[in-house]
Amino acid sequence: MSESTCDNNMDMYLSVVSPAYNESENLPQLVKEVSAALAALGKSWEFIVVNDASQDNSLNILQQMRQEYPQLRTLSLCRRSGQTAALDAGLRHARGRLIAMLDADLQNDPQDIIQMLQPIEAGRCDMVSGWRRDRNDPWLRLVSTRVANAVRNWLTHEQVHDSASGLKVFRRACIADIRLFNGMHRFLPTLVRLEGYRVMELPVRHRPRNAGQAKYGVWNRVFKALRDTFAVRWMQSRHLHYEIREDSISKTNCLNK
C-alpha cells in the first residue's frame, strides 16, 4: 500500500471507506444512510468515497453532496484501476483509529457497522468481518460465491464463511504492514491473521441490488479467486514466524514475531 500524502488526524474515531465505480444511482442514498447510522456514535467520523474513474455522473453527485455532508470526503482515481486499488487509496488516506469498509451498491446496511465496532472496543478481536449469511443475490452468483469460499478455505486452511464480504471493521494497525495486490482485498481476514491480529465474523444484513450493475460474475468469483488463493497460500507457507531473545546479564526478554 502506498503511503498517504495527507496528514493523519489520530483523534478521528472512525473512517468509513467505500470504493465506487458507476454507482451514481446509489450514491445519494448511500451517503444519507451512512450519515444517519454514524450520527448516533457521538464520536468523530468521516466517510471516504473513492471514485474509480466512473464514467457516469458519480463525480458530480459526490461534489454536490459534500456541501450538505461535511464528513464526506471524495478521492478520484485518474484512471480505472479496480476495486482493490480504490480500497487501497481509501484505506491509506483514512484518518480514523478504526476503519470500516463498505460496498457502495447499497447491499450492505451501514447500521451494521455499529454492532461490528462493539467486539473490537471490548478487546475481543482486532477485525470484524461481515458474514452475509442470508444473501439476496441471483442463484448463479450465490453458487459461484459458495464455491469460491469453499476453495479459499480448503487451500488456505481457514474457516471463514464470507471472506469476500465488502463490510469489515478493524483497527488501522491491522493493515499498516499489508501490501495489497489486485484481488487481495478478498483475503483480508487471512492476511490480517498472518500479521498476528485476531479476526472474528458477525452475521450482517444483505439487501438486493436495486440500482446499478454488479461488477463481478462467475469468472471473477471462481477462476480469478482460485488464482489469487494460490498466491495467498504461498504467502502463508513463506510467512516469517520466529522468537528473538535479547541477551543481557540481568535477565532475558523474549519477543515474538
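Rule-based calculations on the coordinates, nothing more; no lab input. Being a predicted model, the structure only gives us computed values, none of them experimental. As a convention, Cβ positions derive from the backbone with ideal geometry for all residues, glycine included, and neighbour counts pool all protein chains shown.
Using a Förster distance of 35 Å, how high is the FRET efficiency between I114 and R179, based on the Cβ-Cβ distance and rounded to 0.05? With R0 = 35 Å, the Cβ-Cβ based efficiency is 0.70.
Ranked by the mean number of other Cβ atoms within 10 Å of their residues, highest first, the peptides 121-130, 63-72, 19-28 fall in the order 19-28, 121-130, 63-72.
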